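Here is the structure we will look at, set down as structure tokens.
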């Protein structure tokens, strides 16, 4: 998405886009195969990430763990490891072969998932989860770098949308199949099986994707990855985008962590009812959001206006209103229905956020830009947002305030509204930055 159309001008630089060194992009058949593999990789990543949540009670009972230890396995430590390691892995993908970086990441996290299935202690299981975080940290940046190298500019929004669609599909598959398979075969078999599937996909990636051409990095991108990251963040437009993703993390993480408990406590739903209704709606909105958002972004990029963050900003503002209403709706079905705009907004943002970051970064730095977006959305918010919700909820219940979890979850619409406002500012800043770049001598 650093360029708006094959053979057209590059909105990020004002010059004709550089073709890859092979002289062309993936043909339709190879394009479909690449998108299919990327979707499977992202779905598998999401499944392996959430399996410990689904299997938590069985793991706790088998290894005699406490809730605190389970929190350490999947909370702050995982978020820090996942977010910060994405920078050097993104650098490797930008400077080398994103195909090989992506395949290596899949193999690492899949092997660590399998090893988790034979863990006999908290320490061993914790080490395997760090390994999973290490591998998954490079998947999105390397996948985006691969798309930039192999997919013609006019279809990159679609490719990123298909790649992102793995998240809702993986969420649906993980929640629906993980628990059922654990009941039938045990949590160890589930982890070993998921890891084994990942190993197969990792090896398939090398052959399906094909060789990826090298890009000569721009002079401004030379130097240590930390310096390059600071160079990106020195752009006011990129800083506003980054701030928007940080606020998005405070909205998304608590939403997914506590929506199901809220519906069960406030409206008397069973876990099965929540899983079917909420899970299926989330999957459907995820598909609509990633695919529709990707195609819409392509259209916005081709227009040449540089206004590539307005639609998600407006959607987040709308979702903040409906989510607030959902937390105090009198009946359960109304609450679920009012959650739908938030479900849509989180997935809709993916191609727009990453696409805008790629435009600002320019050729040779797209993976690193993706990594910074991941750090913004995946580090502070997921580490602190759910903790804040839990503390507010506990305090409310201790004070005999009914529906206490709803008051904690108010952080979701608040962060959504702030994120929407910031993205509208970023929309104007990005457009101005791209106009300056096009007119620069």
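Every read-out reported here was derived from the displayed coordinates using simple, explicitly stated rules and does not represent laboratory data. Just so it is clear, the structure is predicted and the values come from calculations on it, not from any experiment. Cβ atoms come from the backbone with ideal geometry, glycine included; neighbour counts cover every protein chain shown.
Points to keep in mind about this one:
- Sorted by Cβ neighbour density within 10 Å, fewest at the top, the residues 60, 150, 227: 227, 60, 150
- In this structure, residue 403 and residue 239 have a Cβ-Cβ separation that, at R0 = 45 Å, corresponds to a calculated FRET efficiency of about 0.75.
- Mean projected area in nm² (Cα convex hull; one quarter of hull surface) for region 222-441: 12.7
- Theoretical gain in end-to-end length, residue 331 to residue 303 [0.36 nm per residue, Cα-Cα removed]: 5.7 nm
- For 184, 343, order by how many other beta-carbon atoms lie within 10 Å, fewest first: 184, 343
- Highest-MSF residue in the chain out of 260, 159, 395 [GNM, Cα springs under 10 Å]: 395
- Shape of the chain, Cα gyration tensor, a/c cut at 1.5: oblate
- Full extension of the segment from residue 84 to residue 32, taken as 0.36 nm per residue of separation minus the current Cα-Cα distance, would add 15.6 nm.
- Ordering 152, 273 from the fewest to the most neighbouring beta carbons within 10 Å gives 273, 152.
- Note on residue 211/residue 438: beta-carbon distance plugged into 1/(1 + (r/R0)^6) with R0 of 30 Å gives a FRET efficiency of 0.40.
- Peptides 404-416, 109-121, 356-368, ordered by how many other C-beta atoms sit within 10 Å of their residues on average, highest first, read 356-368, 404-416, 109-121.
- Region 159-185 and region 391-426: distance between their alpha carbon centers, rounded to Å: 27
- Rough spin-label spacing in nm, given labels placed 7 Å along Cα→Cβ, for residue 124 and residue 177: 2.6
- On the beta carbon distance between residue 227 and residue 388, with R0 = 30 Å, the FRET formula returns roughly 0.35.
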